[in-house]
Amino acid sequence: MNGEKSRVNISRREFLGLSALGLGISLAGARPAVAASRAAAPDEVAILYDPVKCVGCKACQMACKRWNKLPNESTDPLGIYESPRGLSAITWNIIKLRRTDVGWHFFNYQCMHCTDAACVEVCPTGALHHDPMGFVALDRDLCNGCGYCTQFCPYGVPHLQVENALTGAAKSAKCTFCQDRLRAGIGGPSCAEVCPVGALQWGKRGELLEKARARVAELQAKGMNARIYGENEAGGLHRLSILLDEPEQYGLPSVPKTPGLARFWQRVVQPLGNVAFGAALAGILGVFLFVRRKIRMEEVR
Amino acid sequence: MTVQLRGRAEAVTIQWIPKYTFLERLGHWLHTATFVPLALTGMVLYFPFLRPLAQGEAGEFFRLVHRVAAVIFGLLPIVYYIFQPRRLLLHIREFLPRKEDIGWLKAAPAYYLLGKHEVMPPQGRFNAGEKLNGLVMMVTWAVFGLTGIPMWFGKGVIPPELFRWLVVFHDLAMIVAVCMFLVHLYLAVAHPLMWAGLVSMRFGVTSAEYAAEHHAKWYYGPKRAMEIWEEKKREAAHH
């Protein structure tokens, strides 16, 4: 057998070729590196919400519906102020009511436009992406309705507009910061443009943070437990809020973040899967080359 | 290019014996015909370089294909065993781990890489490798169903925390099943020693000589197969 050694074994060149193939397949599936949590820039756009100024008129909710051509949503008349109950595929902006010992509090909910946005990270189509202006934009033509965004958002903001539950025809829907208005230079988001009392304002994020800090100092001087929400949360939100209580009291997470499972899934499970595919294919090809020389079909019974 | 053929130039008569029933083969090929499109359409969401295929209407179309194939893939074994309940018992018996599986593992490198079929201890109708393939397909079939059905119907019904785990386990099952499938495909299509496999799965029959050599426990029955095996070992020790 010694004389035949070079004939029956895998040559070094072939071994290197196979290794390169396996490595190539392992890396071909790799995800483009995500920029390590960048901070929101001060010249990006943002919305600031001040619940102390808010009178709960819902003009923002109406303006959102009108500009984005969102249909009505019916609610059971159960004697509550909230209508509809919460954000949905056709309600992207909503005022909710909280009753506390001190009185009635309004709070506006919409997309938080995170810098570290879980929805952008898990979106397999690029339909959800960061606009250079800072907000999280949604290109509905690219969306295929997989719904990952609806399950990974720490705020539960995106909702699926389901056209057919059986076939899965659906589109993701959420507040887009009125991306069409900003891109066309018409103005800011309709909710902030329409607000009659200045509870919702829009502008450069840096300037709004200055305003928010001054406002928090003012409210604290009046004895209120005021704070800013969104300055550093999830890499910095582009919807800043002034809170008068713990975030949890508003149904907001203190430490919103991309669910660890999203990172485990996309940065551990999937790369390991790619390595498995690469190893399997390179291994099979290596065995194929080896066996082709070693086993002669004429001798097989 | 000339091909030098060795071996005796005689007329060969192959005695064919039945190996798989018609429904077993139909089940196998329906499984293949649904597994492959399921894997391909699922990978559209898995590989970032396939992103253009995931976008918009293309992505919606592939999901529709995925769902239609998933229904057939999911119902197939259930319908099969409803109509063939005795095959269920037979398959469970055939696929349970046995002592000869360890023998298969020890002999596998020489058997598969060097073609030394004489070192392989007697195997049943399915050898240990085929049993492994079958078990992986059964387990991943269950995982695909248990994770896929709630992902289809459970959005907004089940907690998001649970949904996230389902996505991860659906992917894990896919990785395991696709790797197993690639090995299975190579052995069935390209491995010289396994030449009878594809014939059996196509026509339902196998060569009696091949069965005696590669599936002795099934061909002779466990007792007689072991006697022959011991006899052969004794002979080899003499020489």
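The values are calculated or read from the model by the stated rules, or taken from the named source; none is laboratory data. In this text, all values refer to a predicted model and were calculated from it rather than measured experimentally. All Cβ positions, glycine included, derive from the backbone under ideal geometry; neighbour counts span all protein chains shown. Surface areas here come from the heavy atoms of the whole protein model, side chains and all, with no ligands, DNA or RNA. Shrake-Rupley method; radii C 1.70, N 1.55, O 1.52, S 1.80 Å.
Among the residues of region B:181-209, write down those that are open to solvent by 60 Å² or more (accessible area, probe 1.4 Å) and away from every other protein chain (no Cβ under 11 Å). Give the steps one after another, and end with the answer.
Going through region B:181-209, the residues open to solvent by 60 Å² or more (accessible area, probe 1.4 Å) turn out to be B:184-185, B:189, B:195, B:198, B:202-203, B:209.
Of everything in region B:181-209, those that are open to solvent by 60 Å² or more (accessible area, probe 1.4 Å) and away from every other protein chain (no Cβ under 11 Å) turn out to be B:Leu198, B:Arg202, B:Phe203.
Name the residue that is most open to solvent (accessible area, probe 1.4 Å), counting only residues in region B:149-180 that are in contact (Cβ under 8 Å) with a residue 60 or more places away in the chain and within 9 Å of another protein chain (Cβ to nearest Cβ).
B:Trp152
Run down A:Ala282, A:Ala212, A:Ala262, A:Ala234 and say which single residue is in contact with a Cys (Cβ under 6 Å, 6 or more places away or on another chain) and either touching a residue at least 24 places away in the same chain (Cβ under 8 Å) or of a type in the set (Val, Ile, Thr) (or both).
From the options A:Ala282, A:Ala212, A:Ala262, A:Ala234, the qualifying one is A:Ala234.
Listed here are the residues, each with its yes/no results for (1) at pLDDT 90 or above; (2) open to solvent by 60 Å² or more (accessible area, probe 1.4 Å); (3) in contact with a helix residue (DSSP H, G or I) (Cβ under 9 Å, 6 or more places away or on another chain); (4) within 14 Å of chain B (Cβ to nearest Cβ).
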residue: A:Lys204; (1), (2), (3), (4): yes, yes, no, no
residue: A:Gly236; (1), (2), (3), (4): yes, no, yes, no
residue: A:Ile242; (1), (2), (3), (4): yes, no, yes, no
residue: A:Gly273; (1), (2), (3), (4): yes, no, yes, yes
residue: A:Ala276; (1), (2), (3), (4): yes, no, yes, yes
residue: A:Ala279; (1), (2), (3), (4): yes, yes, yes, yes
residue: A:Ala282; (1), (2), (3), (4): yes, no, yes, yes
residue: A:Val287; (1), (2), (3), (4): yes, no, yes, yes
residue: A:Glu298; (1), (2), (3), (4): no, yes, no, yes
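Considering only region B:33-113, give the helices (runs of 4 or more DSSP H) lying wholly within it that have at least 3 residues that are within 14 Å of chain A (Cβ to nearest Cβ).
B:51-54, B:56-83
Being more than 10 Å from chain A (Cβ to nearest Cβ), touching a helix residue (DSSP H, G or I) at 6+ places or on another chain (Cβ under 8 Å) and surrounded by fewer than 19 Cβ atoms within 10 Å (Cβ to Cβ): is that true of B:Phe144 here?
no
Please pick out the residue among A:Ala170, A:Ala192, A:Ala214 that is buried (at least 20 other Cβ atoms within 10 Å of the Cβ), more than 14 Å from chain B (Cβ to nearest Cβ) and not in a loop (DSSP other than H, G, I, E, B).
A:Ala192
Which ones in region B:67-105 are under 19 Å from B:His214 (Cα atoms) and open to solvent by less than 90 Å² (accessible area, probe 1.4 Å)?
Selection gives B:His91, B:Glu94, B:Phe95, B:Leu96, B:Glu100, B:Asp101, B:Gly103, B:Trp104.
Considering only residues of region A:127-150 that are more than 10 Å from the chain's Cα centre (by Cα) and farther than 22 Å from A:Arg181 by Cβ, which is most open to solvent (accessible area, probe 1.4 Å)?
A:Cys146
Inspect all residues belonging to region A:246-258 and state whether any of them is open to solvent by 40 Å² or more (accessible area, probe 1.4 Å), more than 11 Å from chain B (Cβ to nearest Cβ), over 30 Å from B:Leu185 (Cα atoms) and β-branched (Val, Ile, Thr).
Yes, region A:246-258 contains at least one residue that is open to solvent by 40 Å² or more (accessible area, probe 1.4 Å), more than 11 Å from chain B (Cβ to nearest Cβ), over 30 Å from B:Leu185 (Cα atoms) and β-branched (Val, Ile, Thr).
Restricted to region A:32-48, and to residues that are modelled with pLDDT of 70 or more and in a loop (DSSP other than H, G, I, E, B), which residue is surrounded by the most Cβ atoms within 10 Å (Cβ to Cβ)?
A:Ala40
A:Arg293 versus (1) in contact (Cβ under 8 Å) with a residue 40 or more places away in the chain; (2) out of contact with any Ser or Thr (no Cβ under 7 Å at 6 or more places or on another chain); (3) within 11 Å of chain B (Cβ to nearest Cβ); (4) buried (at least 17 other Cβ atoms within 10 Å of the Cβ): which is the lone unmet condition?
(4)
Looking only at region A:151-164, filter to residues that are among the aliphatic types (A, V, I, L, M) and farther than 23 Å from A:Glu231 by Cα; which one of those is most open to solvent (accessible area, probe 1.4 Å)?
So the residue we want is A:Val162.
Take A:Gly168 and tell me if it is small (Gly, Ala, Ser), modelled with pLDDT under 95 and either over 17 Å from the mean Cα position of the chain (by Cα) or in the same structural domain as A:Lys58 (by TED's automatic domain parsing) (or both).
So A:Gly168 passes the test.
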